[in-house]
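In what follows, a structure is listed as structure tokens, so that the remarks can point back to it.
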Amino acid sequence: MPSRLAAKVVNHEVNKAGLVDILGDTNHINTQGEEQQKLDIYAHKIFIQTLTNRNIVCGIASEEEEHFIRVNSMDKKNQNKYDVLIDPLDGSSNIDVNVSVGTIFSIYRRMTPLGTPVIEADFLQAGDQQVAAGYVIYGTSTMLVYTTGNGVNGFTLNPALGTFYLSHPNMSYPKNGSIYAINEGNYIHFPLGVKNYIKYCQMESEDRPYTSRYIGSLVSDYHRNMIKGGIYLYPETAKNPSGKLRLLYECNPMAFIAEQAGGKAINGEKRIMSIKPTSLHQRVAFYCGSRKMVEELADFILKNP
Ligand code: AHM
Ligand code: MG
């Protein structure tokens, strides 16, 4: 975990958000033209501060900052090996209404040689190169879900002691599920294959209609699906023609966890983790969850791309 300390500090702030004057728009727009909430910025700063104080991190890229950051203060001779990509507080539009939000992160080994300054290419690696990934869900209890490529483990924070305990060893997606999570308000703009899949989810059969559940907070929707069995879908839409979610900060780490937990993550045609990124804030369509559900969806997309 890149910074358990930062997760605890952010957790503390998220939990008291209703009490203090920390909520609301800061009148700043982030690199993708979206409104930033104060807690986004707060979480970003805390993670950057704690990560730059570690002697293993050479660079950080954050959803909240246009360019990557070189960790020069602790790494003057460029000897640190790992770069971190992070969405410090995903789903932050939900904070005002007391819905769970999360932190999502990925860790890569730098590609360029030690002794040289880290460059953008060190961050633009395919998800298959991740050495670790995880998320923290600031929910009814706060959990860290984490993989280093050897299965997925969940740790729950004991707030009284400030310690994470292994509470969910070897987490795995049920092979099949009965929950689909999508912002159906955008239905009119979905590709035909996705529209047909949704109709299929709603059709009467032995195990259908499926249940529709959409929180609008990726970490929460994903976490529920992993425990209960389900699929999360964010297709291309008119407003977001390449999809809304970011390949590097959201999709790759969630895809790594999904595959390690026996699930699947695709952009329609390809495995998410096989995509070679071209820019730091690249967006992709994202379909992720129980293996059988994702495979069924892929068939619908193949028939009607
Ligand atoms: P954010 O990174 O700006 O918070 O956006 C990502 C969030 C996800 O948590 C969530 O799944 C999705 O956006 C919801 O989008 P929409 O409101 O379009 O359904
Ligand atoms: Mg996000």
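The values are calculated or read from the model by the stated rules, or taken from the named source; none is laboratory data. Every value quoted in this text rests on a predicted model; they were computed, and no experiment measured them. Positions of Cβ are generated from backbone atoms using ideal geometry, with glycine treated the same way; all protein chains shown enter the neighbour counts. We work out accessible area using only protein heavy atoms, side chains counted, and drop any ligands, DNA or RNA first. Shrake-Rupley method; radii C 1.70, N 1.55, O 1.52, S 1.80 Å.
If you run the Gaussian network model on the chain, springs between alpha carbon atoms under 10 Å, then out of 285, 160, 261 the most flexible one is 160. The GluC sites (Glu not before Pro) of the stretch 209-277 meeting both criteria, a DSSP state outside H, G, I, E and B (loop) and at most 12 other C-beta atoms within 10 angstrom of the site's C-beta, are 269.
In summary, the aspartates and glutamates within cross-link reach of residue 38, defined as a Cα separation below 17 angstrom excluding same-chain residues under 8 places away, comprise 13, 21, 25, 63, 64, 65, 87, 90, 96.
Relative to the dominant Cα principal axis of the chain, helix 192-202 is inclined by about 70°. The mean sequence separation of alpha-carbon pairs under 8 Å and at least six residues apart, normalised by the residue count of the chain, gives a relative contact order of 16 percent.
Angle between the Cα long axis of helix 218-228 and the longest principal axis of the chain, 0 to 90 degrees, nearest 10? The angle comes out at about 60 degrees. Where the centre of each part is set by its Cα atoms, how far does the stretch 76-112 sit from the stretch 221-244, in angstrom? Result: 19 Å between the Cα centres.
Phi-derived couplings, Karplus 6.51 cos²θ - 1.76 cosθ + 1.60 at θ = phi - 60°, listed residue by residue for the stretch 148-156: 10, x, 9, x, 10, 10, x, 10, 9 Hz, with x used for Gly and Pro.
Computed over protein heavy atoms with a 1.4 Å probe, the accessible surface of the chain works out to 44 Å² per residue. With all projection directions averaged, the alpha carbon convex hull of the chain covers 15.6 nm².
Within the stretch 179-303, DSSP assigns beta bridges of which about 60% are antiparallel (rounded to the nearest 5). Under a 5 Å amide H cut-off, with hydrogens placed 1.01 Å from N, residue 286 pairs with 234 among residues at least 5 apart or on other chains.
Basic side chains Lys and Arg get +1 at the Cβ, acidic Asp and Glu get -1 at the Cβ, and with that the dipole of the stretch 4-168 about its Cα centre reaches some 960 debye.
Between residue 109 and residue 163, residue separation times 0.36 nm minus the direct Cα-Cα distance comes to 16.7 nm.
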